[in-house]
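The values are calculated or read from the model by the stated rules, or taken from the named source; none is laboratory data. Keep in mind the model is a prediction, meaning the values are calculated, not measured. So basically every Cβ, Gly included, is an ideal-geometry build from the backbone, and we count neighbours across all protein chains shown.
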Amino acid sequence: MSRRAREHTQHHRRPEAAGDVRREDAFDVDALAGWLPEHVGPQWATELSGTPRVTQFSGGASNLTYLLRFPSGREVILRRPPAGTKSDGAHDMGREYRLQTALRPHFPLAPETIALCEDSGVIGSPFYLMERVDGPIPRRHLPRENAEAPEQVSRLCHRVVDVLVDLHCVPIEGTELAALGKGDGYVSRQVEGWAKRYTAARTRNVGSFARVIDWLRVNQPADRAAVLIHNDFRLDNIVLDPADPTVPVALLDWEMATIGDPLMDLGSALAYWVQADDGWLFRQFRRQPTHVPGMLTRREVVAHYAERTRIDVTEEQWAFYEVFGLFRLAGICQQIYYRYYHRQTTNAAFRTFGIAVVALELRCRRIIREIERRRRAGTAARRIGLERS
């Protein structure tokens, strides 16, 4: 069997399940059980009584996510920040909880929230609870529930992109979500903010990204629009319908959601999109099944999004959003790797994040060289979406 065929058959593996809680991430379960009766609504009080069995999802690299199974059989999710140094404004449980609560009436794929605790004295940090939405999640490989046929995979992929389109159409004015906006200048704030965060988290074994940062500053466009963006949109944040695993039923992890430019959100999402024809090194960091037959390429995703939203974007314009998304991902990886490098976490999954940062810088520089070549050749103004690759 060829390597490509082996990769295709591997997508039947089950999505990652919750396992034992890592020692560094453990908390006082009895204290949690004692806090719950006075803080959950009547519709949850009976089902969430008693001491739950706690397991931990290991797939996340930022906020910690636990599965609580109560004696009643009801399962809910607990989210809390990790231990160790955190960047300013990150891991705000109150913000994440309130955003998700306000969003749900307008976007039913946001899971229902249950309770928020901002008192660190209960389990050692703020936390919140939300419903668990049952269904397979595409992680490194497609869940076995998904059909093998490329047309089924393509249907799933188009529907996932449509989820992002629908999110970007959520009404903001006159809702609590409007408070998330900081006014014009989102693109500029993001470039400068991630430049600052990357520099602060840099370790001696990764590059400076100086050329990439300078290029982003020179080439940044004005904001296209101000919409609700997820800021962490990936396949492994999508829960699928168990009865039809080509249908998304929930979008998870609202930690970084805000009001911003929709193409910045799309560029950030596609930074994770590793396709079958990418180079060997980049393929080693694939975390979602975007390589299997039937999946759209990055260019096809942009084309579908542009068609659905009626946004015109040229090759030259898109290069900025693509490079920014990769740079932002490098900043996220480096912040996490900084914790591992300084032994603030022992999670072995973070050991190779420094190599990922180096690979991301190389990719950014290749894209910059290519778009500069296209500018000289006069081909960078071609619109994406008119011709699909």
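Got a number for residues in the stretch 219-230 being surrounded by fewer than 18 Cβ atoms within 10 Å (Cβ to Cβ) and either more than 14 Å from ILE311 (Cα to Cα) or of a type in the set (Phe, Trp, Tyr) (or both)?
Going through the stretch 219-230 one residue at a time, the tally reaches 4.
Which pairs have Cβ atoms under 6 Å, sit 6 or more apart or on different chains, and link a residue in the stretch 231-254 that is more than 12 Å from VAL163 (Cα to Cα) and in contact (Cβ under 8 Å) with a residue 60 or more places away in the chain to one that is in a strand (DSSP E or B) and of a type in the set (A, V, I, L, M, F, W, C)?
Within 6 Å, the pairs are ASP241/VAL247; ASP241/VAL249.
Considering only residues that are among the charged types (D, E, K, R), over 18 Å from GLY207 (Cα atoms) and not in a helix (DSSP H, G or I), which ones fall in the stretch 315-353?
Hit for the stretch 315-353 is ARG343, nothing else.
Of the residues that make up the stretch 210-229, is at least one assigned to a loop (DSSP other than H, G, I, E, B) and either on the phi > 0 side of the Ramachandran plot or of a type in the set (Ser, Thr, Tyr) (or both)?
Restricting attention to the stretch 210-229, the residues satisfying the condition of being assigned to a loop (DSSP other than H, G, I, E, B) are 220-226.
Pick out the ones that are also either on the phi > 0 side of the Ramachandran plot or of a type in the set (Ser, Thr, Tyr) (or both) and you get none.
No, there is no match, as no residue in the stretch 210-229 is assigned to a loop (DSSP other than H, G, I, E, B) and either on the phi > 0 side of the Ramachandran plot or of a type in the set (Ser, Thr, Tyr) (or both).
Look through the stretch 90-117, keep the residues that are closer than 24 Å to ASP166 by Cβ and of a type in the set (D, E, K, R), and return whichever of them is nearest to the chain's Cα centre (by Cα).
GLU96
Of all residues in the stretch 29-78, how many are loosely packed, with under 14 Cβ neighbours inside 10 Å and in contact with a helix residue (DSSP H, G or I) (Cβ under 8 Å, 6 or more places away or on another chain)? Reasoning before the result, please.
Narrowing the stretch 29-78 to residues loosely packed, with under 14 Cβ neighbours inside 10 Å: 30-31, 34, 37-38, 41-43, 45-46, 50, 53, 71-73.
When the remaining residues are screened for being in contact with a helix residue (DSSP H, G or I) (Cβ under 8 Å, 6 or more places away or on another chain), the result is 37, 45, 50.
So the count comes out to 3.
Scan the stretch 19-57 for residues that are within 16 Å of LEU67 (Cβ to Cβ), out of contact with any Lys or Arg (no Cβ under 9 Å at 6 or more places or on another chain) and of a type outside the set (Ser, Thr, Tyr) and jot them down.
Answer for the stretch 19-57, where residues must be within 16 Å of LEU67 (Cβ to Cβ), out of contact with any Lys or Arg (no Cβ under 9 Å at 6 or more places or on another chain) and of a type outside the set (Ser, Thr, Tyr): GLY19, ASP20, VAL21, ARG22, ALA26, LEU32, ALA33, LEU36, GLY50, PHE57.
Quick one: would you say SER188 is modelled with pLDDT of 95 or more and assigned to a loop (DSSP other than H, G, I, E, B)? Show your work before the answer.
Working: modelled with pLDDT of 95 or more: yes; assigned to a loop (DSSP other than H, G, I, E, B): no.
The answer is no for SER188.
Within the group GLY193, GLY207, GLY174, GLY181, which residue is surrounded by 15 or more Cβ atoms within 10 Å (Cβ to Cβ) and at pLDDT below 95?
GLY181
Residue check, SER120 against (1) within 24 Å of GLN335 (Cα to Cα); (2) among the small types (Gly, Ala, Ser); (3) within 22 Å of the chain's Cα centre (by Cα), all met but one. Which one?
With (1) within 24 Å of GLN335 (Cα to Cα); (2) among the small types (Gly, Ala, Ser); (3) within 22 Å of the chain's Cα centre (by Cα) applied to SER120, the lone miss is (3).
Scan the stretch 299-347 residue by residue and report those that are of a type in the set (A, V, I, L, M) and within 21 Å of the chain's Cα centre (by Cα).
Result: VAL301, VAL302, ALA303, ALA306, ALA319, VAL323, LEU326, LEU329, ALA330, ILE332, ILE336.
In this structure, does TYR305 turn out to be in a helix (DSSP H, G or I), under 25 Å from ILE238 (Cα atoms) and of a type in the set (Phe, Trp, Tyr)? So that I can check it myself, show each step before the final result.
On the way: in a helix (DSSP H, G or I): yes; under 25 Å from ILE238 (Cα atoms): yes; of a type in the set (Phe, Trp, Tyr): yes.
Yes, satisfied.
Can you confirm whether VAL239 is part of a helix (DSSP H, G or I) and either within 27 Å of LEU296 (Cβ to Cβ) or assigned by TED's automatic domain parsing to the domain that holds ASN63 (or both)?
Numbers: part of a helix (DSSP H, G or I): no; either within 27 Å of LEU296 (Cβ to Cβ) or assigned by TED's automatic domain parsing to the domain that holds ASN63 (or both): yes.
In short, no.
Output the residues belonging to the stretch 36-67 that are outside any helix (DSSP H, G or I) and small (Gly, Ala, Ser). Talk me through it step by step, then tell me what you get.
Taking the stretch 36-67 and keeping what is outside any helix (DSSP H, G or I), we get 39-41, 46-67.
Hits for the stretch 36-67 are GLY41, SER49, GLY50, SER58, GLY59, GLY60, ALA61, SER62.
Does the stretch 216-232 include one or more residues that are within 30 Å of ARG139 (Cβ to Cβ), assigned by TED's automatic domain parsing to the domain that holds ILE368 and basic (Lys, Arg)?
Checking the stretch 216-232: not a single residue is within 30 Å of ARG139 (Cβ to Cβ), assigned by TED's automatic domain parsing to the domain that holds ILE368 and basic (Lys, Arg).
I'd like to check something: does the stretch 165-187 contain any residue that is without any contact (Cβ under 8 Å) to a residue 24 or more places away in the chain, farther than 26 Å from LEU64 by Cβ, assigned by TED's automatic domain parsing to the domain that holds ILE229 and among the charged types (D, E, K, R)?
Yes: one or more hits.
At pLDDT 95 or above, in the same structural domain as GLU372 (by TED's automatic domain parsing), within 22 Å of ASP277 (Cβ to Cβ) and surrounded by fewer than 22 Cβ atoms within 10 Å (Cβ to Cβ): which single residue out of ALA330, ALA306 fits that description?
Numbers: ALA330 fails: surrounded by fewer than 22 Cβ atoms within 10 Å (Cβ to Cβ).
None of the others qualify; the one that does is ALA306.
Scan the stretch 263-297 residue by residue and report those that are surrounded by 19 or more Cβ atoms within 10 Å (Cβ to Cβ) and in a helix (DSSP H, G or I).
Those that are surrounded by 19 or more Cβ atoms within 10 Å (Cβ to Cβ) and in a helix (DSSP H, G or I): LEU263, MET264, ASP265, LEU266, GLY267, SER268, ALA269, LEU270.
Would you check if there is a residue in the stretch 119-130 being assigned to a helix (DSSP H, G or I) and within 28 Å of TYR97 (Cβ to Cβ)?
To start, the set of residues in the stretch 119-130 that are assigned to a helix (DSSP H, G or I) comprises none.
Checked the stretch 119-130: no residue is assigned to a helix (DSSP H, G or I) and within 28 Å of TYR97 (Cβ to Cβ).
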